[in-house]
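Working notes, beginning with the structure itself.
The values are calculated or read from the model by the stated rules, or taken from the named source; none is laboratory data. Since we're looking at a predicted model, the values are computed, not measured. Every residue, glycine among them, receives a Cβ derived from its backbone with ideal geometry; neighbour counts consider all protein chains shown.
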Amino acid sequence: DAMVIQNPRYQVTQFGKPVTLSCSQTLNHNVMYWYQQKSSQAPKLLFHYYDKDFNNEADTPDNFQSRRPNTSFCFLDIRSPGLGDAAMYLCATSRTEKMTQYFGPGTRLLVL
Amino acid sequence: DAKTTQPNSMESNEEEPVHLPCNHSTISGTDYIHWYRQLPSQGPEYVIHGLTSNVNNRMASLAIAEDRKSSTLILHRATLRDAAVYYCILRDIQGAQKLVFGQGTRLTINP
């Protein structure tokens, strides 16, 4: 089945230690998104790629970066995680920016 | 972005219909009404969307008021697997097309 895959499902890192979260898709969609969802809150868009074009949200901290080496993969890099960055990180894809988004199961990040 | 207002929580019984309301009094003529839901420990999933006319699919129905200032997501026969947070989201067919999630409605289904 075509899908959005996020690995790992749970990630533990130390305060200040860089961490990378991975997302892959078999849908061959042009757009890939990263959302942050803190406990009991709604998902919040961090940034997205349309093909290789990177679109950052105005209020996304500089601590968060992303890479998309090819159509199938997208990475979220957190350069110096703080305790406040503990959250569920959701990856999503869509064929175009106007179309339905398909979400992965998320990676829950714990910062110690 | 135009805003939506939903009740924080609702409760229903298994095998009964559920009507989830959403108010969007500042909706513009180019806003589509989308519904996503998020089951426990999963990412959100698309449910349904519409512009002016009522819509049906295998998951749910969407009833849109004539003035488009409100809409209702209808689950015709709720099951325990429908317990989730339901998000009503307006997406402008022009412009950025972002999904801006509000707080949603947490639906509890009683057996």
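Observations
- Test result for B:Arg68, modelled with pLDDT of 95 or more, surrounded by 15 or more Cβ atoms within 10 Å (Cβ to Cβ) and at positive phi: yes
- Scanning the stretch A:56-72 for residues that are under 15 Å from A:Tyr35 (Cβ atoms) and of a type in the set (S, T, N, Q) turns up A:Asn56, A:Thr60, A:Ser66.
- Restricted to the stretch B:38-111, the set of strands (runs of 3 or more DSSP E) holding at least 1 residues that are in contact with a strand residue (DSSP E or B) (Cβ under 8 Å, 6 or more places away or on another chain), without any contact (Cβ under 8 Å) to a residue 24 or more places away in the chain and not aromatic (Phe, Trp, Tyr) comprises B:45-50, B:61-64.
- The residue list A:Tyr50, A:Tyr89 contains one member that is among the hydroxyl-bearing types (Ser, Thr, Tyr) and free of Cβ contacts under 8 Å to residues at least 60 places away in the same chain, which is A:Tyr50.
- Screening B:Ile27 with (1) surrounded by fewer than 17 Cβ atoms within 10 Å (Cβ to Cβ); (2) modelled with pLDDT under 95 gives one miss only, at (1).
- Restricting the first member to the stretch A:1-27 and to residues that are under 11 Å from A:Leu76 (Cα atoms), and the second to residues that are aromatic (Phe, Trp, Tyr) and part of a strand (DSSP E or B), the beta-carbon pairs closer than 6 Å and six or more apart or on different chains are A:Thr20/A:Phe75; A:Leu21/A:Tyr89; A:Ser22/A:Phe75.
- Within this structure, B:Tyr32 passes the test of being within 11 Å of another protein chain (Cβ to nearest Cβ), aromatic (Phe, Trp, Tyr) and in a strand (DSSP E or B).
- Among the candidates B:Tyr86, B:Tyr36, B:Tyr32, the residue that is surrounded by 13 or more Cβ atoms within 10 Å (Cβ to Cβ), within 13 Å of the chain's Cα centre (by Cα), among the hydroxyl-bearing types (Ser, Thr, Tyr) and at pLDDT below 95 is uniquely B:Tyr32.
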